[in-house]
Amino acid sequence: MVLGYVLFVVLPFWAVKKYLAITVLTGESPVLYFYCYRNKERGFWYSLLYALLEGVSSEMQIERRDLDGCLYPMPGNPFGNPALILYDDVPGGAGHVRRLARGDTFKKVLKASLSRLQRCECGGARGSASCYGCLRHYRNQFCHDDLNRGMAMRFLSSLF
């Protein structure tokens with residue numbers, strides 16, 4: 001059972017197309033659930049997670065090493081999608097990810113994430129790769145082979 005409360009629903013006029021993401025605050029960490037979107041590729045979810053972390057870092061002017069995230073399996077989700085959990089990676093927490101709930105900060109983070117992916121040229125026009133300029137980070141070496149700039153870029157582009 002997840003204890004928390006709904007902070008906001010990401011389904012305003014700019015994202016009505018296909019997806020619904022609800023952020024629930026459990027302790028200090030926002031949990032992003034993407035309903036009504038099906039993608040069983042592990043690389044897609046890791047690519048989206050790390051694109052969002054880079055977007056948070058850029059838009060909120062936070063050191064990237066102060067943030068991290070993980071995928072969490074959601075047994076009750078009919079689409080089989082994992083939840084994306086973002087958290088402060090500093091002792092005691094700094095409240096960085098909690099600031100995502102303020103105003104239109106999350107929308108700005110989505111745009112910053114997309115912008116970073118669009119500026120990169122790795123993987124050619126389709127973005128079928130990743131690099132340290134877009135998605136790769138020292139801490140995500142375990143999934144470097146799965147990261148794909150194009151998959152995350154197409155998803156984020158569809159929101160706007």
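The values are calculated or read from the model by the stated rules, or taken from the named source; none is laboratory data. Note that the coordinates shown come from a computational prediction; the quantities given were computed from them, not determined experimentally. Note that we place each Cβ from the backbone using ideal geometry, even for glycine, and neighbour counts take in every protein chain shown.
Looking for something touching a Leu at 6+ places or on another chain (Cβ under 8 Å), at pLDDT 85 or above, in a helix (DSSP H, G or I) and surrounded by 21 or more Cβ atoms within 10 Å (Cβ to Cβ) - is there at least one such residue anywhere in the range 84-101? Within the range 84-101, not a single residue is touching a Leu at 6+ places or on another chain (Cβ under 8 Å), at pLDDT 85 or above, in a helix (DSSP H, G or I) and surrounded by 21 or more Cβ atoms within 10 Å (Cβ to Cβ). Checking the structure you have, find out if any residue of the range 66-74 is in contact (Cβ under 8 Å) with a residue 60 or more places away in the chain and either part of a loop (DSSP other than H, G, I, E, B) or more than 20 Å from Arg154 (Cβ to Cβ) (or both). Yes, the conditions are met somewhere in the range 66-74.
To keep it simple, each residue is scored yes or no on (1) of a type in the set (S, T, N, Q); (2) modelled with pLDDT of 50 or more.
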position	(1), (2)
Leu11	no, no
Ser47	yes, yes
Ile62	no, yes
Cys70	no, yes
Pro75	no, yes
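Taken residue by residue, the range 130-151 has at least one member that is within 21 Å of Arg38 (Cα to Cα), part of a loop (DSSP other than H, G, I, E, B), modelled with pLDDT of 90 or more and not acidic (Asp, Glu). Screening the range 102-125 for residues that are farther than 14 Å from Arg136 by Cα, part of a loop (DSSP other than H, G, I, E, B) and of a type outside the set (D, E, K, R) and picking the one that is modelled with the highest pLDDT gives Gly124. Only one of (1) without any contact (Cβ under 8 Å) to a residue 24 or more places away in the chain; (2) crowded, with 17+ Cβ neighbours inside 10 Å fails for Leu117. Which number is that? Checking Leu117 against (1) without any contact (Cβ under 8 Å) to a residue 24 or more places away in the chain; (2) crowded, with 17+ Cβ neighbours inside 10 Å, the one that fails is (1). Of everything listed in (1) touching a helix residue (DSSP H, G or I) at 6+ places or on another chain (Cβ under 8 Å); (2) over 19 Å from Asn148 (Cα atoms); (3) touching a residue at least 40 places away in the same chain (Cβ under 8 Å); (4) not hydroxyl-bearing (Ser, Thr, Tyr), the single unmet condition for Arg98 is (1).
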